[in-house]
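The values are calculated or read from the model by the stated rules, or taken from the named source; none is laboratory data. Keep in mind the model is a prediction, meaning the values are calculated, not measured. Note that we place each Cβ from the backbone using ideal geometry, even for glycine, and neighbour counts take in every protein chain shown.
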Amino acid sequence: MNWRRILAVAKKNLQSLRHDRRTVGFLVAMPLFMIAIFGYTFGGSVENIKVYVVNLDQTPQDESVAAAIIADLQTRNTLKIVRSFGPEDAATDPVELGREKVESAEIWATIFFNETFTQDAMRVVSGETGLPAFIRVIEDGTNPNIAQAIGNEMLSAVRSVLGVSSFATPIAISPELVYGEDARFIDFFAPGVMGLAAMMVTFMLAIMSFVHERSAGTLERLLSTPVTEGEIVAGSALAFGLVGLGQSIVIILTAVLLFDIQIIGSPVLVLLVIFLFGVGNQGLAFLLSSLAKTEFQAVQFLPIILFPSLLLAGVFWPLEAVPELLRPVSSVVPLTYCVDALRSVMIRGWGAGDILFDLGILLLFAAVMLGLSAYSLRKRR
Amino acid sequence: MAGANREAEERNAEAADRTSAVVLTSKLRKEFESLVAVDDVDLKIRRGLLYGMIGPNGSGKTTLIKMLVGLLRPTGGKALILGERIPIAENISRIGYMPQEMAIYTDLTVHENLELFAELYSMSKESFETREKGLLKIIDLADRRDSLVSHLSGGMRHRASLACALIHDPEVVFLDEPTVGVDPELRVGFWKYFADLRARGKTVIMTTHYMDEALRCDVVGMMRLGRLIGEGAPKDLMERTATTDLESAFMTMARKVDA
């Protein structure tokens with residue numbers, strides 16, 4: 001291994017890019033486009049969220065605060081109450097039934113008012129106690145956008161019934177998440193989009209460039225010089241890893257400045273994960289490029305690589321939402337580990353020590369891909 | 001005793017060949033599945049020669065050259081380049097190679113291409129700059145140094161590719177059809193440069209389709225169906241076959257082999 005030659009190969013790849021302004025534009029615009037589409041699509045208001053309502057409040061209907069809140073909810077279409085339970089259903093344990101329906105993802109939430117709900121609220125109003133009456137919301141937090149909509153809707157119903165807009169309401173909403181973090185959807189999907197964008201760009205650019213090198217004979221010509229197979233592979237990995245990195249910086253800036261994404265953990269760790277993942281992807285592209293004779297054939301590999309990652313790697317929904325049958329596929333798709341690592345760092349604020357497993361898998365992916373790439377070149381001789 | 005003497009003589013001869021011969025092959029062979037692309041070729045190319053290889057398409061010229069520069073592994077026989085067995089590692093930077101398909105980066109400028117190859121050959125910055133200036137003048141691309149190769153005409157690309165093969169001032173250079181698509185005026189310039197290389201003790205081995213170019217070579221090798229069917233100075237080849245041009249000489253040789 002000779003650093004000078006590795007750098008020469010890397011520089012060559014980056015120079016090619018510099019002369020191709022359209023591709024550079026694509027590099028910058030593509031993630032912006034993706035993040036904007038997803039951000040605005042999932043950032044809008046949601047309607048008809050299916051919920052159960054369990055009202056065990058013993059206070060007569062016309063005096064019950066719970067009944068008033070439920071009636072208020074029904075005036076708008078944010079929540080769709082698919083089933084209501086009253087005090088007469090208490091024996092059938094409707095709360096437990098509601099929880100099961102949330103767990104099986106048939107409904108998004110079960111809203112529960114207990115037997116003493118109105119009395120509890122009145123005691124706060126009369127100053128008897130400081131402890132508010134609780135509305136328990138057992139909800140599926142998988143989609144933070146929906147979880148947030150439920151929370152907002154409950155709050156506005158409570159305020160409209162009580163006619164107060166201060167923070168010290170006698171009623172509190174107590175969410176219980178069945179799935180998911182307490183995060184906004186954009187926080188949830190930003191790491192996924194970053195991983196996905198890095199994958200698409202490094203893979204596409206690398207496979208195009210390698211197929212062209214093979215068909216134009218430049219790869220073979222390089223091999224007639226003192227540069228070794230390993231140096232060519234290392235130089236290309238460096239170049240495309242850096243491209244992925246540059247693109248991630250664009251995404252992070254967009255996410256933070258435009259969509260107010262929080263990165264709780266270290267941004268450097270985020271970039272390291274992307275770099276490792278980009279290197280692995282360019283190795284995969286290098287290997288597959290030996291199977292494609294033209295750039296056109298190379299493009300055909302994209303959906304094969306893209307769809308499992310897009311659907312099964314936990315970018316848009318959690319791995320728990322992936323059907324049992326396809327879970328093994330999820331666990332061999334490298335993007336799964338990249339997204340998991342990015343989410344842990346960005347949302348949970350974890351450090352390198354906490355994501356050693358993901359880092360190890362990504363390192364293994366990169367090492368195996370680079371090793372096989374160098375070997376495949378050697379075999380051609 | 002006689003046998004031992006002969007062996008010793010052979011060893012001496014081989015040692016002498018090693019020093020004077022830039023390319024030395026014995027029964028060099030390349031098979032691709034059922035196809036014999038190069039069929040037991042014995043070559044001896046001395047230092048400081050202009051060696052021309054002629055023969056129809058598919059006669060094995062390119063395969064032979066690719067083996068000699070270490071891009072293809074022979075399936076039989078052996079070959080020494082500058083005294084080292086191929087595939088070569090030690091003296092790879094003393095060899096230059098220009099493939100038929102040009103094979104330079106069309107998305108880089110002429111200068112960036114030259115710089116890449118100079119880096120791969122670990123040239124110093126100063127010697128690269130002097131070499132580049134000189135070569136750009138010879139290939140008449142000095143004013144297109146910073147043009148993208150994709151913006152150049154076919155002939156210009158060919159010239160840029162030639163410059164990449166020569167940037168590190170190799171001792172022996174393999175040129176696969178270096179003058180295809182190069183206009184007559186510039187071809188004259190190329191040949192002047194090849195003569196200049198020879199005068200400096202360099203060895204140029206090229207394939208060509210132009211018989212007038214073959215005539216200018218010191219030695220011509222005739223390839224047909226993977227075999228070397230004739231070799232010698234152009235004049236000798238014509239005398240031996242009692243012909244007045246190389247094309248007829250080739251035909252006569254081919255008939256002799258078939259018979």
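Taken together, the residues in region B:100-114 that are closer than 20 Å to residue B:175 by Cα, facing chain A (nearest Cβ under 9 Å) and either in a loop (DSSP other than H, G, I, E, B) or over 22 Å from the mean Cα position of the chain (by Cα) (or both) amount to 7.
With B:121, B:97, B:51 as the choices, which residue is among the aromatic types (Phe, Trp, Tyr) and away from chain A (no Cβ under 14 Å)?
Values: B:121 fails: away from chain A (no Cβ under 14 Å); B:97 fails: away from chain A (no Cβ under 14 Å).
Within the list B:121, B:97, B:51, the selection yields B:51.
Going by the structure shown, is residue B:132 within 11 Å of residue B:164 (Cα to Cα), without any contact (Cβ under 8 Å) to a residue 40 or more places away in the chain and either part of a helix (DSSP H, G or I) or among the β-branched types (Val, Ile, Thr) (or both)? In short, yes. Kindly indicate whether any position in region A:290-308 is surrounded by 13 or more Cβ atoms within 10 Å (Cβ to Cβ), basic (Lys, Arg) and touching a residue at least 60 places away in the same chain (Cβ under 8 Å). The answer is no; no qualifying residue exists. Restricting attention to region B:230-253, which residues are surrounded by fewer than 18 Cβ atoms within 10 Å (Cβ to Cβ) and among the hydrophobic types (A, V, I, L, M, F, W, C)? Matches in region B:230-253: B:233, B:242, B:251.
So that you can scan it fast, the table gives a plain yes or no per residue for (1) small (Gly, Ala, Ser); (2) at pLDDT 85 or above; (3) in the same structural domain as residue A:249 (by TED's automatic domain parsing); (4) under 30 Å from residue B:73 (Cβ atoms):
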site	(1), (2), (3), (4)
A:316	no, no, yes, no
A:323	no, no, yes, no
A:327	no, no, yes, no
A:338	no, yes, yes, no
A:341	yes, yes, yes, no
A:361	no, yes, yes, no
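Rundown of residues vs (1) buried (at least 18 other Cβ atoms within 10 Å of the Cβ); (2) within 26 Å of residue B:150 (Cβ to Cβ); (3) out of contact with any Asp or Glu (no Cβ under 8 Å at 6 or more places or on another chain), yes/no style:
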site	(1), (2), (3)
B:39	yes, no, yes
B:61	yes, no, no
B:113	yes, yes, yes
B:130	no, no, yes
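Selection within region A:208-221: residues that are crowded, with 20+ Cβ neighbours inside 10 Å and within 7 Å of chain B (Cβ to nearest Cβ). The member of this set that is farthest from residue A:295 (Cα to Cα) is A:221.
Taken together, the residues in region B:219-250 that are in contact with a Phe, Trp or Tyr (Cβ under 7 Å, 6 or more places away or on another chain) and either free of Cβ contacts under 8 Å to residues at least 40 places away in the same chain or among the acidic types (Asp, Glu) (or both) amount to 0.
Would a scan of region A:328-346 turn up a residue that is crowded, with 18+ Cβ neighbours inside 10 Å, in a helix (DSSP H, G or I), under 18 Å from the mean Cα position of the chain (by Cα) and among the basic types (Lys, Arg)? Among the residues of region A:328-346, at least one is crowded, with 18+ Cβ neighbours inside 10 Å, in a helix (DSSP H, G or I), under 18 Å from the mean Cα position of the chain (by Cα) and among the basic types (Lys, Arg), which makes the answer yes. When the criteria are applied in full, residue A:199 meets the requirement of being in a helix (DSSP H, G or I) and touching a Ser or Thr at 6+ places or on another chain (Cβ under 9 Å). Restricting to region A:224-235, and then to whatever is within 20 Å of residue B:168 (Cα to Cα) and surrounded by fewer than 22 Cβ atoms within 10 Å (Cβ to Cβ), can you tell me which residue is nearest to the other protein chains (Cβ to nearest Cβ)? Among them, the one singled out is A:226. Looking at region A:112-130 only, could you name the residues that are of a type in the set (A, V, I, L, M) and touching a helix residue (DSSP H, G or I) at 6+ places or on another chain (Cβ under 7 Å)? Once the filter is applied, which keeps residues that are of a type in the set (A, V, I, L, M) and touching a helix residue (DSSP H, G or I) at 6+ places or on another chain (Cβ under 7 Å), region A:112-130 yields only A:121. Can residue B:71 be described as facing another protein chain (nearest Cβ under 10 Å), surrounded by 22 or more Cβ atoms within 10 Å (Cβ to Cβ) and either closer than 22 Å to residue A:232 by Cα or more than 17 Å from the chain's Cα centre (by Cα) (or both)? Considered against the rule, which asks whether it is facing another protein chain (nearest Cβ under 10 Å), surrounded by 22 or more Cβ atoms within 10 Å (Cβ to Cβ) and either closer than 22 Å to residue A:232 by Cα or more than 17 Å from the chain's Cα centre (by Cα) (or both), residue B:71 comes out as no. One residue stands out among those in region B:198-229 that are assigned to a loop (DSSP other than H, G, I, E, B) and of a type in the set (Gly, Ala, Ser): the one that is surrounded by the most Cβ atoms within 10 Å (Cβ to Cβ), which is B:226.
A quick yes/no check of all residues on (1) hydrophobic (A, V, I, L, M, F, W, C); (2) modelled with pLDDT of 90 or more:
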site: B:146; (1), (2): no, yes
site: B:165; (1), (2): yes, yes
site: B:169; (1), (2): no, yes
site: B:181; (1), (2): no, no
site: B:188; (1), (2): yes, no
site: B:202; (1), (2): no, yes
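Does residue A:89 satisfy the criteria of being charged (D, E, K, R) and in contact with a strand residue (DSSP E or B) (Cβ under 9 Å, 6 or more places away or on another chain)?
Details: charged (D, E, K, R): yes; in contact with a strand residue (DSSP E or B) (Cβ under 9 Å, 6 or more places away or on another chain): yes.
Yes, satisfied.
Only a single criterion out of (1) in a loop (DSSP other than H, G, I, E, B); (2) under 14 Å from the mean Cα position of the chain (by Cα); (3) under 18 Å from residue A:218 (Cα atoms) is not satisfied by residue B:179, namely (3). The set of residues in region A:130-155 that are over 30 Å from the mean Cα position of the chain (by Cα) and either at pLDDT below 80 or among the aromatic types (Phe, Trp, Tyr) (or both) comprises A:130, A:134.
The sole residue among A:83, A:76 that is at pLDDT 90 or above, outside any helix (DSSP H, G or I) and not hydroxyl-bearing (Ser, Thr, Tyr) is A:83.
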